[in-house]
Each structure stands twice: as C-alpha cells, then as structure tokens.
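The values are calculated or read from the model by the stated rules, or taken from the named source; none is laboratory data. Since the structure is predicted, the reported quantities are computational estimates derived from the model, not experimental observations. All Cβ positions, glycine included, derive from the backbone under ideal geometry; neighbour counts span all protein chains shown. Calculation scope for accessible area: heavy atoms of the full protein, side chains included, ligands and nucleic acids excluded. Shrake-Rupley method; radii C 1.70, N 1.55, O 1.52, S 1.80 Å.
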Amino acid sequence: MALPAHTTKSFDSDLAELARAIAEMGGLAERQIAEAIGALTTRDSRRAQRIIGADATIDRMQRNIEERAIEIIARRQPVAGDLRQVIGILRIANEVERIGDLAKNIGKRIIAIDGEEMPRTSMSGVNHMATLMLAQLRDVLDSFARRDVAQAVDVWTRDQEIDQLCTSLSQELLAYMMERPDGASLGAHLMFCTKNLERMGDHATNIAEAVHYMVKGQTLSRDRPKADLTSMLGLDGGICELRAESGQGH
C-alpha cells in the first residue's frame, strides 16, 4: 500500500533536515582538518587549543543527528529503502565524528611538539596528504548529498593514494629519527599525525560504503583497496607505545 502523500512529504522533509545537519557537521570537520594542519605547520599551540575545544561542537552535532534519526524511526517506522536512508545517515554522522576526533588528536600532538623545528620535506608531505584527505572528504560528502554512487566509489578507490603517502612519510620519518636521535620525539609525533590523516581517509571510505548501501541496497562487492604498509614497517607498535606514554588516545 502506498503511503499517503502527506506522510511521504513529511518523511522527505525529515531526511532533508538530517542531510543539512550532515552537511553542516562535515563542513566543520573539514575546517578542523585545515586548521589542524595550519597549526601543525606553524607550531601554533593556541590554535591547537581552539581545535581541541571545537571538537565538542562536532560531538554535539553527532548526538543531535542520532537523536533525530531515532525519533524518525520510532515515529515514521520506515522500511526498505527509507530505512536504509536513515541508517546510512546515522553511520555517516558517526564517521564524521571520528574524523573530528582525529583532527583533535593532531591538535594534542601540536601542543606536545611545543615549537620544535619541523623537517621541511616531511611537512611538505604532511601538507600534501592533508590536501588529498580534504578532497576525499569533500567529494564523499558531495556524493552523499547527490546520492552519487560513482563518485562514492571513486573516493573509495582513491584511498590508496593516502595509504601510499602515509607509508612513504613513515619511512622518511623513521630515517629522520635514526639520523637525529634528538629528534626522535618530534618524528614520532609527526608520524602519529600522518597516521591520523590516514585513518581519516579510512573513515571517508566508510562514508563512501554507506552511500553505496543507501542507494544500491547492498555492500560493495569487492575488497577495499589498501596500500598502508606501516604495520609491516613495525611502526604501529611504536605509535601505540608513544600514545600510551603521553596519555593521548584516538
């Protein structure tokens, strides 16, 4: 039985409201990433503190979207494709919130670095990685707004570029730490920042998968392409150890 027109219009209005909230939340996450990289480049601790503080806004947005989505499910009782839309939005909000957490963690690392001189070539690589990540996030949020599966799959595939750059930068930073033992702490903090950017890329691909499921009603049928080899370099353990020492989590 077809739904009454007024019911369908009300549900569409609810979805549009959630989509606007996702767009606002995604825009703030983009600004957080750009601010984090800018603060890292200049070792600006005050700017980093603002990034950390602003994360509470993204968290609040995520909770509001979740509460609104649950209310819609309870009141509208959507099924099939309509239910997929609401569940997909819930998933996307959670992924964006995690991206915000990772930007906040870069802010924490900036404070720990405390004005130390950065290796120029590594910082150039970090900036390039951040540029790729921001493009990936913008494109995947656009794919959600447009329900564009082809664009979502493109983002999903492009994650390999960020993985490869993360591996290359990690190797470079490891060499830097070996050559300059006095720079080991700085190198480890920068390595952690690159890993945060790589994980942001993973969350963007999760959003791409959510968009695919919302539109197609099925998961992507092939394995996710991955090119992050940092675990093979034995770097993940060192990052985890440093995080434990400093009390900073994901």
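Residue by residue, the stretch 184-192 carries 3J(HN,Hα) couplings of 4, 5, 4, x, 5, 4, 5, 4, 5 Hz when phi is fed to the Karplus relation 6.51 cos²θ - 1.76 cosθ + 1.60 (θ = phi - 60°); x denotes Gly or Pro. Quick one: net charge of residue 207's neighbours, Cβ under 9 Å, K/R +1, D/E -1? Neighbourhood net charge equals -1. A Cβ-based charge dipole, computed about the Cα centre of the stretch 1-126 with Lys and Arg at +1 and Asp and Glu at -1, lands at about 60 debye. Karplus-derived 3J(HN,Hα) values for the stretch 43-53, using 6.51 cos²θ - 1.76 cosθ + 1.60 with θ = phi - 60°, are 6, 9, 5, 5, 5, 4, 4, 5, 4, 4, x Hz; glycine and proline are entered as x.
Taking 0.36 nm per residue of separation and subtracting the Cα-Cα distance, full extension of the segment from residue 138 to residue 57 would add 27.2 nm. Per the Debye formula on identical point scatterers at the alpha carbon atoms of the stretch 1-142, with no solvent, log10 I(q)/I(0) at q = 0.11, 0.14, 0.15, 0.20 Å⁻¹ is -0.50, -0.70, -0.76, -1.10. Here's the picture: charge each Lys and Arg Cβ at +1 and each Asp and Glu Cβ at -1 in the stretch 1-99, and of 81, 96, 57 the one pushed furthest to the positive end of that dipole is 57.
Label zone (residue 182, point 7 Å along Cα-to-C-beta; backbone nitrogen cut-off 17 Å) within the stretch 91-131: 114-120. Once C-alpha pairs closer than 8 Å and six or more residues apart are averaged by separation and normalised to the residue number of the stretch 77-180, the relative contact order reads 23 percent. Of the trypsin sites (Lys or Arg not before Pro) found in the stretch 30-134, none is in coil by DSSP with at most 13 other Cβ atoms within 10 Å of its Cβ.
Taken about its Cα centre, the stretch 13-74 carries a charge dipole of roughly 420 debye when the Cβ of each Lys and Arg holds +1 and the Cβ of each Asp and Glu holds -1.
On full extension, the segment bounded by residue 131 and residue 64 gains 21.2 nm, given 0.36 nm per residue less the C-alpha separation. For the stretch 39-174, the solvent-accessible area of protein heavy atoms averages 45 Å² per residue (probe radius 1.4 Å; ligands and nucleic acids excluded).
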